[in-house]
1. Take N10 and tell me if it is closer than 26 Å to L110 by Cα, out of contact with any Gly (no Cβ under 9 Å at 6 or more places or on another chain) and either modelled with pLDDT of 85 or more or buried (at least 17 other Cβ atoms within 10 Å of the Cβ) (or both).
2. Determine which member of the set E227, E179, E238, E142 is of a type in the set (D, E) and at positive phi.
3. Could you name every one of the helices (runs of 4 or more DSSP H) located completely within segment 1-118 that has at least 3 residues being out of contact with any Cys (no Cβ under 8 Å at 6 or more places or on another chain), free of Cβ contacts under 8 Å to residues at least 24 places away in the same chain and not hydrophobic (A, V, I, L, M, F, W, C)?
4. Taking F130, is it farther than 19 Å from E227 by Cβ, touching a residue at least 60 places away in the same chain (Cβ under 8 Å) and not hydroxyl-bearing (S, T, Y)?
5. Given the conditions (1) over 10 Å from the mean Cα position of the chain (by Cα); (2) surrounded by 20 or more Cβ atoms within 10 Å (Cβ to Cβ); (3) farther than 14 Å from I232 by Cβ, and given that E179 satisfies all but one, which numbered condition is not satisfied?
6. Run down G186, G237, G203 and say which single residue is within 21 Å of G93 (Cα to Cα) and either among the acidic types (D, E) or not assigned by TED's automatic domain parsing to the domain that holds W69 (or both).
7. From V147, V106, which residue is of a type in the set (A, V, I, L, M) and under 28 Å from Q257 (Cα atoms)?
Amino acid sequence: MSSNLHPMLNVAIKAARAAGAIINRAALDVEAVRVSQKQVNDFVTEVDHASEETIIETLLTAYPGHGIWGEETGRTHGAKDSDFVWIIDPLDGTTNFIHGFPVYCVSIALAVKGKIEQAVVYDPTRNDLFTATKGRGAYLNERRIRVSKRTQLSQCLVSTGFPFRKGDNFQAYLAMASEIMQRTAGLRRPGAAALDLAYVAAGYTDGFFETGLQPWDVAAGSLLVTEAGGLIGNFTGEPDFLEQKECLAGNPRVYGQLVPILHKYSKFAGAGDKAQARQNAEKLSLPSSTNGDERDQGNFE
């Protein structure tokens, strides 16, 4: 840990590395890890719980008056009315982890009066530590990072996340993916949104979009992106996206080109735009995955 870093960021780094050590030990024998299912295709392991417990203990030991918002434990720990709230994803990419696919991370963010001011995304398999403090830039292993400089969408690599829950609007996603694939150099789906955003910040990818994300998936990554010179918001380009379950990020020029493509698929789009998005989705219609009495809970409600 560095004496040049904000003290709260140093504590978050300590917590993330402790959680990463737990994850790395478990990864040595991943088949022995106990797995349960929160809902269809949404898994949680004993490693998620152990990682979150370690993070919370580390944070509250240093800052007992702070609040906690964790993926697995919600808001049951910490102060309930603090202006300082730690937003934690103890193992982003659990499905990758339980398959031994080495793309997952620890994500920790500190919100002060609702604004993200500290961020850590730690990839334990590569020992990559992404950090940011509001107003001080974004870093990878203490080296300053910036978003990419590409301006032509046709030369850009864009990452995404697939819908996977029952009721997700798969047709809408296929329509979005189809539009992006035809305009870019490639579309990637690594499987951990916090790392996806860190990779945008580092310039490894030029943009990212996904629906259905929770605040703990994107809180830390959002600060990495903005401190690296990028933009992040919902599909209409509005920056207050944290709890809106749709996320778009990229370098400024790419972001500006992705918003006109994706805005019609937003929950916040106008009726005419939604109609156009519905038509696009219908062209790529899939057989229904429901029992016939359930409608897609997608972007066209």
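The values are calculated or read from the model by the stated rules, or taken from the named source; none is laboratory data. Small disclaimer: the values here were computed from a predicted structure and weren't measured. With ideal geometry, Cβ positions are generated from the backbone for all residues, glycine too; neighbour counts draw on all protein chains shown.
1. yes
2. E142
3. So the answer is 7-27, 46-62.
4. Judged against the criteria, F130 is not a match.
5. Evaluating E179 over (1) over 10 Å from the mean Cα position of the chain (by Cα); (2) surrounded by 20 or more Cβ atoms within 10 Å (Cβ to Cβ); (3) farther than 14 Å from I232 by Cβ leaves (2) as the failure.
6. Going through G186, G237, G203 in turn, just one is within 21 Å of G93 (Cα to Cα) and either among the acidic types (D, E) or not assigned by TED's automatic domain parsing to the domain that holds W69 (or both): G203.
7. Result: V147 is the single residue among V147, V106 that is of a type in the set (A, V, I, L, M) and under 28 Å from Q257 (Cα atoms).
To keep it simple, each residue is scored yes or no on (1) closer than 30 Å to D168 by Cα; (2) small (G, A, S); (3) surrounded by fewer than 21 Cβ atoms within 10 Å (Cβ to Cβ).
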residue	(1), (2), (3)
A15	no, yes, no
G20	no, yes, no
R34	yes, no, yes
H49	yes, no, yes
I68	yes, no, no
